[in-house]
Amino acid sequence: METSMGVWLALLLGLFPVLGWLLWWWNDLWYAFPLKFRYSGTGTRLPPGHMGFPFLGEMITFLWYFKFLRRPDEFINSKRRKYGDGEGMYRTHLFGSPSIIACFPSISKYIYRSGDLFIVKWPNVDLMGPTSLGVIHGKAHARIRSYLTNAINRPDSLRRIAAHVQPRMVAALQSWAHQGQLKGYSAVKKCRKKLEAIFRVELEKKKKNGNGVETTNDLMDGLMKIEDDEGNKLSDQENVENIVGLVVGGYDTTALSSTWALYFLAKFPNVLEKLREENMAACKNKKGEFITTEDLSRMKYTANVVEETIRMANIAAINFRLATREVEYKGYKIPKDWKVILWIRYLHTNPENFDDPMCFNPDRWNNPAKPGTFLVFGGGSRICPGNMLARLQIALFLHHLSVGYKALHQNSLHGFIPNEIVNCTELRAMDLSSNLLKGAIPSSLGRLTHLHHLFIGNLDLCGRQVHKPCRTSMGFPAVLPHDAASDEAAGKCYVST
Ligand code: HEM
């Protein structure tokens, strides 16, 4: 009896490691092993990597780096250390599919440009809408894209949009200023259904007015006129989904980038000062009129701040594609029906592409980025059709912010700082944790030494205490977190020139 118990125990103990090993390599055995066998002797191979557990793949490792350690770029760095650089491709299993990660400029460029070999494939298209521009392919894509690009991204449309949005921007900034303390961007509610309903009502109205009564000439009117080669128009569903797709694709992204701009300007007052100089000069002869796209085109530093903000913010950190057939690239095979994940974020945070990549340094844009290293808006036939519009909106936001507001304090103080405070000869500690002080801090306060270390209690934009590294930054789920080390580095590194 005892002997058979022992045998069972030994078997069980032996079984666990074997089971663990099997699970750890499951996806490699299932997906990669047969392919390795097929490719042997052809002089090509699968990109190196690890595909992880069944179903989960490498999701746990991915979340470990992104959510737990908050060092997203280490996910790729760890692969580089383990498997070498190769051509910047690694096999993995993420978001439920066997995939190839592409994280170097040349392979990213190749994938973006080979639209027939790699079609766009989002893990979920519910938000965008299955018939919206970001999801459809082929001729329908080209037709709608050409119309939308003309409508929102060409100089004349940008000029009109600039005039249209500025009064609203100024009003928004004024309302923020009255709030005293500005809370970081709160996640936009996914109100897709509501939006769809609103646009459907609008579409019905327009259809009723089709015989010339009250016709406008807006985006929806334009979409309603598009015809394919056989003269077929877009369905109501396609029309509405393309408008909603633009709102979804354009609203979140620009709002987040502007929030990041606010964050960086609060963190680097010297950048704000320089920005202010350029923007004040631009509106010197304006006599109260708003600036134009022509004015903006001459404002080099503002453009630099925009580029640096969108580089650091990495709003669209990864893009998805699907290999429509087996593709060979420089000795590596990308199997048919595997996902390809363009890891754009890594292009922007890799020190081989940008010096001190985690430093917010607008001056780096005095020289162009190395070719293929700056793909914030993607590339090829799907390059973001709102790229110039997004830049314009951020630049206008920076303009009104910098001419209207002298300093963006990371602190928000309410109440008045008593003048007598300057009579102190030694300030051991100052606790403003209740944030009850308001008004200019008397300049003579600067005489006090060690204040920097003792001044506690004010919250920065992340809602954390000043002088503590802000790890979570804005906290929006799509924003890939900056790690503590890089935030600290960023705090030290920017030197205004
Ligand atoms: C900072 C702001 C923005 C960023 C970082 C951004 C980023 C991107 C990226 C990387 C893509 C390519 C996706 C892919 O290749 O799979 C894309 C596509 C797209 N973007 Fe943007 N975008 C921004 C602003 C906008 C704006 C303002 C609009 C419109 C008002 C817009 C509408 C779209 C649409 C419709 C697509 C799909 C294009 C296609 O598939 O042909 N985006 N965006």
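The values are calculated or read from the model by the stated rules, or taken from the named source; none is laboratory data. Because the structure is a prediction, the values reported are computed rather than measured. All Cβ positions, glycine included, derive from the backbone under ideal geometry; neighbour counts span all protein chains shown. Accessible surface is based on the protein model in full, side chains and every heavy atom, while ligands, DNA and RNA are left aside. Shrake-Rupley method; radii C 1.70, N 1.55, O 1.52, S 1.80 Å.
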Based on the Cα gyration tensor of the range 24-68, what are the three equivalent ellipsoid semi-axes, each the root of five times an eigenvalue, rounded to whole Å and given largest first? 26, 12, 5
Ranked from highest to lowest mean number of other Cβ atoms within 10 Å per residue, what is the order of the peptides 64-70, 121-127, 225-231? 64-70, 121-127, 225-231
For the range 73-149, compute the orientation-averaged projected area of the C-alpha convex hull (one quarter of its surface), in nm². 6.6 nm²
May I ask you to give the percent of accessible area on the range 305-403 that is carbon plus sulfur, with a probe radius of 1.4 Å? 53 percent
Show Tyr83, Tyr112, Tyr251 ordered by accessible area, largest first, where the area counts protein heavy atoms only and the probe is 1.4 Å. Tyr251, Tyr83, Tyr112
Once you place label points 7 Å from the Cα toward the Cβ at Ala172 and Lys109, how far apart are they in nm? 3.5 nm
Plugging the Cβ-Cβ distance of Ile198 and Leu12 into 1/(1 + (r/R0)^6) at R0 = 41 Å yields, to the nearest 0.05, a FRET efficiency of 0.10
Could you check the simple spin-label distance between Lys139 and Glu74, using points 7 Å along Cα→Cβ, in nm with one decimal? 5.2 nm
By the Cα gyration tensor axes a ≥ b ≥ c (a/c under 1.5 gives rounded; else a/b larger than b/c gives prolate, otherwise oblate), the shape of the range 1-132 is prolate
Two pseudo-spin positions, 7 Å from Cα along C-beta at Asn209 and at Asp236, lie apart in nanometres by 1.8 nm
Within straight cross-link reach of Lys139, meaning Cα distance under 13 Å, which aspartates and glutamates are found once same-chain residues fewer than 8 apart are removed? Asp116, Glu227, Asp228, Asp229, Glu230
FRET efficiency for Cys283 and Ala163, Cβ-Cβ distance as r, R0 = 22 Å, nearest 0.05? 0.90
How much length would be gained if the chain were fully extended between Trp25 and Glu326, taking 0.36 nm per residue of separation minus their Cα-Cα distance, in nm to one decimal? 106.0 nm
Per residue accessible area of the range 31-176, 1.4 Å probe, in Å²: 49 Å²
Under the 0.36 nm per residue contour assumption, what length would be gained going from the current alpha-carbon distance of Ser40 and Tyr405 to full extension? 124.9 nm
Sorted by average packing, counted as other Cβ atoms within 10 angstrom per residue and highest first, what order do 261-271, 379-389 take? 261-271, 379-389
Jot down the radius of gyration and Dmax of the range 251-369, Cα atoms only, both in angstrom. 19.1, 63
Distance from a point 7 Å along Cα→Cβ of Glu352 to each backbone N in the range 91-123: keep the residues under 16 Å and list them by number. 91, 101-110
